[in-house]
Structure formats: C-alpha cells, structure tokens
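Below: one structure, written as structure tokens.
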C-alpha cells in the first residue's frame, strides 16, 4: 500500500497524526503500561558503533547470537521493512517484598536470590500480550495498519529506542533509568507501518558524578 493511500485512509477517519498518536498512547496506558513514547524509525548509528565495539572486545561472552547482524539490531527495517513508527513502552515490575536472608544449608550449599523481574509470569509473555492487544486495537481503528511486536527476543535495541522515546536515560550501568521507577521496568516496542507524531524530547543524563552502580559491580570499570 502506498503512502498516499495510507494518508488518505488516515484522513478519512477524521484524525490527524497527533490525534492518532494520542489515541495509541491512551490505549497503551489503559493496557497497563506506565510509560509510552513514539519515535520515527531511524538507524541507531552511534548505538550501532558502540555495539560493534562491544562485540569486538568480546564482552558478549557466550551470547553468540549478539554478534549476528548487528546492523539489523540498529534498524528494525531489516526484519520489518514497512516500519515507519516505533511505539516504545515501559512496564514497572518493582515489588516491595524483601528477599529472605538465607545462609548456608546443612550440606554447606548457599541459596541464591531470585531477581524481582522473575518473581511473576514470564515478562516476554506479559509485555508481549499487552502489545499484541495494542496492535489489535490499532488495526480495529485503522484496518490498513500492520505491525510487529518486539520484547527482548527480537533483534531490537530496546534501551536505545526507549531513550529515543523519552522514557528515560541510559545510566552508567548501561540500563535505562526512568524518573518514576528507576530501572525497575520491562521494555518493549511495537513497530508500525503508520506515520505518526513523534516524541523528540529526550531525558538528559541525571547520573552526574554518582558511581554507585560502578562501585557495586564486580567487574567495576572493566565493562
């Protein structure tokens, strides 16, 4: 379908790109996401360069899949050519319950902690189901819409797109930090073939001189 036909159908609904984007964001929030942004699909050139340097230095270890087609990770049009817009979302997973302090067992073995992100259902399914519901809602409103859901498994740079969408900034620990929830968020993207209104305001680095994450990391500055 040509861009002209898409624009005509969008206009026939009586909504401009700003109104369409507002509806999509409202629906995403209704589905339970805490933060949502929309960005134009552009190649993540600087992010790709850093990824390639990271791979060159062997920091991916046994994660051999990370080395496959790094260029595709920086541009989702490599696996969904019709992408025009990316809806980026964040879902807070923080749980206030504290880990139990468990010492060595009778056989001398020490029990480890289970990270909070794994306390509930598989987040790939939780976030994925919500994004599929969002896509279904969009297609109901605009039948010409098509899209692809990305939740970690797909070759998309989740943190980079989230930062582009104004959801937060990349901290010194290389994770996305949001003002409201810190790093306690699951991230996902919905690639769409629709032209929408894009968020251009990004969150500036708020880390300043703080090095708590580096000080706590076993590898310190080696990463």
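No lab work stands behind these numbers, since they all come straight from the coordinates. As the structure is a prediction and not an experimental result, all values here were calculated from the model. Note that each Cβ is placed from the backbone with ideal geometry, even for glycine, and that neighbours are counted across all protein chains shown.
Table for the structure above
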item	result
Cβ-Cβ FRET estimate between residue 107 and residue 183, R0 fixed at 41 Å, reported to 0.05	0.70
Rough spin-label spacing in nm, given labels placed 7 Å along Cα→Cβ, for residue 46 and residue 136	4.0
Chain lengthening between residue 213 and residue 174 when straightened (0.36 nm per residue, less Cα-Cα)	13.1 nm
Angle between the chain longest axis and helix 45-56 axis [Cα atoms, degrees, rounded to 10]	30
Extent along principal axes [Cα atoms of the range 130-216; Å; largest to smallest]	51, 26, 21
Estimated inter-spin distance, residue 26 and residue 59, nm [label 7 Å along Cα→Cβ]	4.2
The chain: relative contact order as a whole-number percent, Cα under 8 Å and 6+ apart	28
Relative contact order %, the range 12-101, counting alpha carbon pairs below 8 Å whose residues are six or more apart	40
Helix-only mean residue ellipticity at 222 nm for the chain, each DSSP H run of n ≥ 4 adding -39500 (n - 2.57), per residue, nearest 500	-9500 deg cm²/dmol
Full-stretch length increase - residue 77, residue 118 - with 0.36 nm per residue and alpha-carbon distance subtracted	11.7 nm
Tilt relative to the chain, helix 17-30 - C-alpha long axis, 0 to 90 degrees, to 10	40
Distance from the range 120-139 to the range 33-86 (C-alpha centre basis), Å	21
Relative contact order (%) - criterion: Cα under 8 Å, at least six apart; region: the range 132-197	37
Relative packing of peptides 26-33, 164-171, 113-120, 86-93 - highest average C-beta neighbours within 10 Å first	86-93, 164-171, 26-33, 113-120
